[in-house]
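Take a look at the structure set out below.
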Amino acid sequence: MTIRHPELTVRPLRAEEWESWYRNLEVAFGGDEEAPEARALWRELTEVERSLAVCEGGRPVGGAGAFSFRLAVPGGAVLPAAGVTMVGVLPTHRRRGALTALMRRQLDDVRAAGEAVAVLTASEPVIYGRFGYGPGSRKTAVSMLRGKVRVHTPERSGGLVLRLADPVAELARCEELYDRLAAGRPGTLVRRPGWEKLPVLDPPADRGGYSPLQCVLAEDPDSGELLGYARYAVKPEWNERGAAGVVRVRAVQAERPWVYARLWEFLLDLDLTERVEAYNLPVDDALLHLVSDVRHLAPRIVDGLFVRLVDLPAALAARGYPAAVDVVLEVTDAFCPWNAGRWRLTAAPGGPASCVRTGAAAELELDVRELGAVYLGGGSLAALAAAGLVRELRPGALEPAAAAFRSGLEPWLPHGF
């Protein structure tokens, strides 16, 4: 893909250019410099060999990066995926075709690396649809007034001790629990070494009046086994009625429902607080079913992870399907034309899936964006058809295909990148 202005070129980033390259990204996103602790972590996590620079006269004026992720997909599989990140161009160099050239080079590189899927979080969702990314997961934000809701605790199967602990000192134990849960929910990143530091990143300059990050552990009183944990911070506030502190929840993880409920009971009953907020929960999170009145959570749903199928047949064959499917898809893909055409997808619950080119008559017609939107098991082909984004060419083809693409749990991205 050629940039419209020949003075701009796209090339791999050089390690010694990282500081200026990253500063360009900060400028593109408004100009604020990140805290030194955050900048140091992103430097550590950056895969320079997967990063691209848009240059003018050899000087970076924008760029894009990719992380080598492992992504949980329906059926319990974990796939290599490119995590697209750090996409930005200086405001003086916009509207010159640089973003299109970056996306072209990057998706070609992802395909050459053998990754069937690329994912990103979008600062502006409208930008990435034209490059084939579809909204593959959503997240829920909630805000609860203390005392307005009760949490129902499912039947206990043992004792429990809650203990405050240093979130960094207990990071390894919490990460083991996270790893055990990760593959069970599509959209979750099975974290590589180094990424466990991101959820506990807590620069003082970024706290905005909140306390340092807190961590409460839920442990078996006999064995000491870690059964769950919650990370949160508290912002002390006062008004004419007295204490009105705010609890901001960063993460709650537990394998057993009653432990999960007990952790939320703890968060909803902290002294000198009035409100509990969480900005990233699955849209089907257990909390929505455990509280006495869900209306008091004031849930708000927003987009999460955007999904791009780079190698369509490999991606569709790699995930599991909870219902039998045998359907011929007519797929359009203007940006990655190797995906375009007719594909026969066949699968049975618990068995391998197959996706191969076919000359048979198409039964459903859709764009690669819509496949990305349902790939992780969220959304619905039927809902997309109702919106005119999927066409049923053979009567009766839509319903079984929609059932096959669904997942038992809604997909969810636990943190950004």
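The values are calculated or read from the model by the stated rules, or taken from the named source; none is laboratory data. Computed from a prediction, not measured in an experiment: that's the story for all the values here. Cβ placement follows ideal geometry from the backbone for every residue including glycine, while neighbour counts extend to all protein chains displayed. Remember, those area values only see protein heavy atoms, side chains included, never the ligands or the DNA or RNA. Shrake-Rupley method; radii C 1.70, N 1.55, O 1.52, S 1.80 Å.
At each listed q (0.23 Å⁻¹), what is the log10 of I(q)/I(0) that the Debye formula gives for segment 308-417 modelled as equal alpha-carbon point scatterers?
-1.45
Applying the Karplus parametrisation 6.51 cos²θ - 1.76 cosθ + 1.60 with θ = phi - 60° to the phi angles of segment 354-364, what ³J(HN,Hα) value in whole Hz is obtained for each residue in order, glycine and proline being reported as x?
So the Karplus estimates, Gly and Pro as x, are 9, 9, 9, 5, 8, x, 5, 5, 6, 10, 10 Hz.
What accessible area per residue comes out for the chain, rounded to a whole number of Å², with a 1.4 Å probe?
It amounts to 44 Å² per residue over the chain.
Ignoring ligands, DNA and RNA, how do VAL283, VAL78 rank by accessible area with a 1.4 Å probe, largest first?
If we order VAL283, VAL78 from most to least accessible, we get VAL78, VAL283.
Could you check how many percent of all C-alpha pairs in segment 280-358 are farther apart than 19 Å?
Result: 56 percent of Cα pairs exceed 19 Å.
With every protein chain present, what accessible area does THR46 have (1.4 Å probe, heavy atoms only), rounded to the nearest 10 Å²?
Rounded to the nearest 10, the figure is 20 Å².
Using the reciprocal of the averaged 1/r over all distinct C-alpha pairs, how large is the Kirkwood radius of segment 248-386 in Å?
18.2
Classify segment 201-242 from the C-alpha gyration tensor, please: rounded if a/c falls under 1.5, else prolate or oblate depending on whether a/b exceeds b/c.
Oblate, because a/c is 1.5 or more while a/b does not exceed b/c.
Which residue, GLY97, GLY159, GLY372, tops the fluctuation ranking in a GNM of the chain built on C-alpha contacts under 10 Å?
GLY159
About the Cα centre of segment 238-382, what is the dipole size in debye to 20, counting +1 per Lys and Arg Cβ and -1 per Asp and Glu Cβ, all else neutral?
240
Compare the Cα positions of LEU267, GLY159, ALA82 along the charge dipole of the chain (+1 at Cβ of Lys, Arg; -1 at Cβ of Asp, Glu; about the Cα centre) and return the one farthest towards the positive end.
So the residue we want is ALA82.
Run through all the Cα pairs of segment 51-145 and give the fraction in each 10 Å bin from 0, expressed as whole percent.
Values per bin, smallest distances first: 14, 42, 29, 12, 4, 0.
How big is the chain by the Kirkwood estimate over distinct Cα pairs, in Å?
Working: mean 1/r = 0.0431 Å⁻¹.
Result for the chain stands at 23.2 Å.
Summing -39500 (n - 2.57) over the DSSP H runs of n ≥ 4 in the chain and dividing by its residue number, what mean residue ellipticity at 222 nm do you reach, to the nearest 500 deg cm²/dmol?
-6500 deg cm²/dmol
Using the C-alpha atoms of segment 21-68, what convex hull volume per residue, in cubic angstrom, is computed?
It is 77 Å³ per residue.
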